[in-house]
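Laboratory data are not the source of any read-out in this text; all were calculated from the coordinates shown. This is a predicted model, so every value here is computed, not measured. Because the Cβ atoms are built from the backbone with ideal geometry, glycine has one as well, and the counts that use them run over all protein chains shown.
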Amino acid sequence: MNETTPQAWNEWWERCALAKCGETVKTTLLSWATPQIHNLLRSRLPHHELVSGATPSQAREDTLPRDLWHLFESYMHTTSGRTGKRWKDWLFDKASADENVSLLVSLEKNASCCIRTAVNGFAAKETQKNTLSIETLLGEAESLFPDDVDTSGPDELAAEREMERIAVTEAAAFHEQMTEAERVALAIKVMGIPVTDPVPQQITGWKKQQLNAAQHRAVRNFASHLAAGWSFHDPREMDDLLRRAVPGLARLCLARLSPEIRRSLGLLDM
């Protein structure tokens, strides 16, 4: 890790933003902080545009260190709910009061802690923003493809078929890992039967809160299963796989219910 100086940190504190600092200070702090931010971000959001390689243009590479620093600097201007101070002010107050280590060691140590917190918070917001809800995913269970004539070229059609093959294969594999109660919970979601209905509660032995939790847990676990097995350069491809695989899993749960359960749910003639 590159070394910093107390003078560099002090100039950043006094001038409020790194963009207002001299070139030497910019280089010093960027060289120290951005590798940490990048590595943490890569472990949490491997396909995010702020991770090197996600957008390989030269222009993007030139701005990447400043964009990574901005993630950290923006957090440092927020206020701690416990102390009421800006995190940037807390950092310098903490370092000045620390009698056990040098000013520089304390600044770097506590800045690294702030970097981890900033990245974790950013990753949590990005994940929540980009996560498809169970309602969105299962709302597409009736039809995965439009009725319009497909005008895609051969390459696009081949990619569509491959994605559908993966979705079917993964849904079948995950279905085998589910309990009967979990399958019922997901099946009634796609059927439109509410968790307040006494029939699925009686079948599973779960109350409405447990059924609702099971539905969301099944989708989250399946999404994690897919993420562990497949890595795409474009995060939209994972969304595409989820849109295909989750409704397919729900329909599979419905189709493979035991005759007794099907009868209880009114599916004897299906």
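Summary table below
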read-out	value
Hz values of 3J(HN,Hα) by residue in the stretch 86-102 - Karplus curve (6.51, -1.76, 1.60), Gly and Pro given as x	5, 4, 5, 5, 4, 4, 6, 5, 4, 5, 5, 8, 7, 8, 8, 9, 5
Under 13 Å, Cβ to Cβ, from Thr83 - net charge with Lys/Arg +1 and Asp/Glu -1	+3
Inter-label distance for Ala123 and His70, nm, one decimal - labels placed 7 Å from Cα along Cα-to-Cβ	2.1
R0 of 51 Å, Cβ-Cβ distance Glu176-Ser31: FRET efficiency to nearest 0.05	0.55
Amide hydrogen neighbours beyond the local backbone of Leu257, cut-off 5 Å, H modeled	none
Table column - 3J(HN,Hα) (Hz), the stretch 179-188, Karplus curve with 6.51, -1.76, 1.60, x for Gly and Pro	7, 4, 5, 5, 5, 5, 4, 6, 5, 5
Interchain or long-range residues, amide H under 5 Å from Arg86's placed H	Ser80
Gain on full stretching of the segment that runs from His216 to Ser102 - 0.36 nm per residue minus C-alpha separation	36.1 nm
Cα gyration tensor of the stretch 6-130 - equivalent ellipsoid semi-axes, whole Å, descending	25, 18, 12
Using θ = phi - 60° and Karplus 6.51 cos²θ - 1.76 cosθ + 1.60, couplings along the stretch 205-221 (whole Hz; Gly, Pro as x)	x, 9, 7, 4, 5, 5, 5, 4, 5, 5, 4, 5, 5, 4, 5, 4, 5
Radius 13 Å from Cβ of Leu103, net charge of other residues (Lys, Arg +1; Asp, Glu -1)	-2
